[in-house]
Amino acid sequence: MQDIMGWTKPATQPQEQPSTPALPPVEQRLHTLVLAMKTLAELTGGRLNPYTEQQFKDYAGNLLAEHNRKLLTPSEERWFGVVNFAESELGKKVPLSGTHYRGHLGTWVRTFYPHLGDRQETRLVNGVQQPIYVYACHESAVAAGLTKAIEEFFAHPSPSAALKQAGAFAKKSLVTV
């Protein structure tokens, strides 16, 4: 009957989704944080709880870091230590001990493939911060060289003997004049 009389059902209005409120800009949030810290310091006579003070500092640092991270362009660089490259890129299991252990793998690369790089970074290794060599694995020549070095290392029956013969474990003596 509605069709005969030309009456149509009114169109339903799409329900608007509630918008998520946007946070104020980082600069404004940081300014508000500084004012809150000053107010707290005044209320407590300048004796802030050290934990509370550290939380404020961490929050401010996180705000700035997040803001800066968004401004930076992503990098295509991939820097790996030799063990990390062997395990994550080549699927090798590099043991903590034995004939083909982690330390000897790094020494193998530095001894027989020094041209692959000499950049060091301090990284966490087995729970200890220490300098390790990292390689520019985003460069195809370096990745190919690391792959070759790692394959040779695992194919060698006694890497430690080869390293000793190459003088990799010789102590550097002090030259006095």
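Couple of notes before you dig in:
- Between 0 and 90°, nearest 10: helix 50-71 axis offset from the chain longest Cα axis: 90
- Distance between the C-alpha centres of segment 33-104 and segment 152-172: 36 Å, rounded to the whole angstrom.
- Taking amide H as placed 1.01 Å from N in the peptide plane, residue 123 has its amide H under 5 Å from the amide H of 130, 132, each at least 5 places away in sequence or on another chain.
- Note on the chain: Lys pairs 8 or more places apart or on different chains, Cα atoms under 20 Å apart, count 4.
- Listed candidates (i) 1.11; (ii) 1.33; (iii) 1.18 - label of the one calculated as Rg/Rh (Cα atoms, Kirkwood Rh): (ii)
- Once the chain from residue 78 to residue 40 is taken as fully extended at 0.36 nm per residue, the excess over their C-alpha distance is 9.3 nm.
- Per residue, the chain reaches -15000 deg cm²/dmol at 222 nm when only DSSP H runs of four or more residues are counted, each adding -39500 (n - 2.57).
- Exposure of residue 158 as accessible area (Å², to 10), given a probe of 1.4 Å and all protein chains: 40
- Cut-off 19 Å, label 7 Å out along Cα→Cβ of residue 27, residues of segment 53-79 by amide N: 60-72
- Candidates 62, 149, 43 compared by Cα position along the dipole of the chain: farthest toward the positive end lies 149, with charges placed on Cβ.
- Derived from the Cα gyration tensor, the three semi-axes of the equivalent ellipsoid of segment 61-163 are 30, 16, 12 Å, largest first.
The values are calculated or read from the model by the stated rules, or taken from the named source; none is laboratory data. As the structure is a computational prediction, the values presented were derived from the model and not from experiment. With ideal geometry, Cβ positions are generated from the backbone for all residues, glycine too; neighbour counts draw on all protein chains shown. Each accessible area value is taken on the protein alone, full model and side chains, heavy atoms only, with ligands, DNA and RNA left out. Shrake-Rupley method; radii C 1.70, N 1.55, O 1.52, S 1.80 Å.
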